[in-house]
Amino acid sequence: MRPLIVVSSKTGNTRMIARALQDGIGPCDYVEAAQMPSDLRAYNPIVLCFWCDRGMAPEDTKAAAERIKGKDIACFATMGGDPQNPKAKDWMHRTSVGLVESGEANELKLEFLCRGRIDPELFARMTAMMGGEVTPEREARRKQSETHPDRLDALAAVKAYKDVFSA
């Protein structure tokens, strides 16, 4: 069996992490979530790479997860916020468990969350919804996310995968 990396990426953040995994973990296959093959017998683990979409996993990732049966699953996600924040960690855990449980007889083996650039269009929409002003704190968080994911995030993702699946 070989790993299958299933990716959903809006801005390219998550795709960068998924490609780093593809390069770093050895022989594996890589597909967009909407093109996940119907026959998954040749694959284990399944690596779901996704982004935070309005506090959830994106629809294409949820649809892919529902089709997975009897696999070890690793979840890798990107978000515009601080991945060390307890609320972010809680989101990642709840989302990962929900994805794994939406399939059948799967086991969650790994959760990995890193910071990613915030879509400028989304930032503008959220700013408008919040009255049009950007607080200094919110702008600081946006700026912190501008340089992520970076090389260190990619290396950390590969290390996390290898720590769990290469033993």
Here the Cα Rg-to-2.2 N^0.38 Å ratio for the chain is 1.04
Lys and Arg at +1, Asp and Glu at -1: neighbours of residue 136 with Cβ under 13 Å from its Cβ sum to +1
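Determine the relative contact order of the stretch 88-156: mean sequence separation of Cα pairs under 8 Å and six or more apart, normalised by residue count, in whole percent.
34
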Here the gain from full extension of residue 42 to residue 90, 0.36 nm per residue of separation minus their alpha-carbon distance, amounts to 14.1 nm
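What does the charge count near residue 57 come to, summing +1 for each Lys or Arg and -1 for each Asp or Glu among other residues with Cβ under 15 Å from its Cβ?
Details: positive: 10, 54, 62, 67, 94; negative: 32, 53, 59, 60, 66, 90, 101, 111.
With Lys, Arg at +1 and Asp, Glu at -1, the net is -3.
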Restricting to Cα pairs under 8 Å and 6 or more apart, the percent relative contact order of the chain works out to 24
If each part is reduced to its alpha-carbon centroid, the stretch 85-111 and the stretch 1-67 end up apart, in Å, by 14
Residue 74 neighbourhood, Cβ < 12 Å, K/R = +1, D/E = -1, net charge -1
For the pair residue 130 and residue 146, the simple spin-label estimate (label points 7 Å beyond Cα toward Cβ) gives in nm 1.7
Amide H proximity to residue 117 below 5 Å, modelled H, separation 5+ or other chain, gives 148
GNM of the chain, Cα pairs under 10 angstrom: of 107, 139, 59, the biggest fluctuation goes to 139
Largest fluctuation, 110, 152, 21 only, Gaussian network model of the chain with Cα springs under 10 angstrom, belongs to 152
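None of the figures in this text is laboratory data; all of them are computed from the coordinates on show. Only a predicted model underlies this, so the values are computations on that prediction, with no experimental measurement involved. Cβ coordinates were reconstructed from backbone atoms using ideal geometry, including for glycine residues, and neighbour counts include every protein chain displayed.
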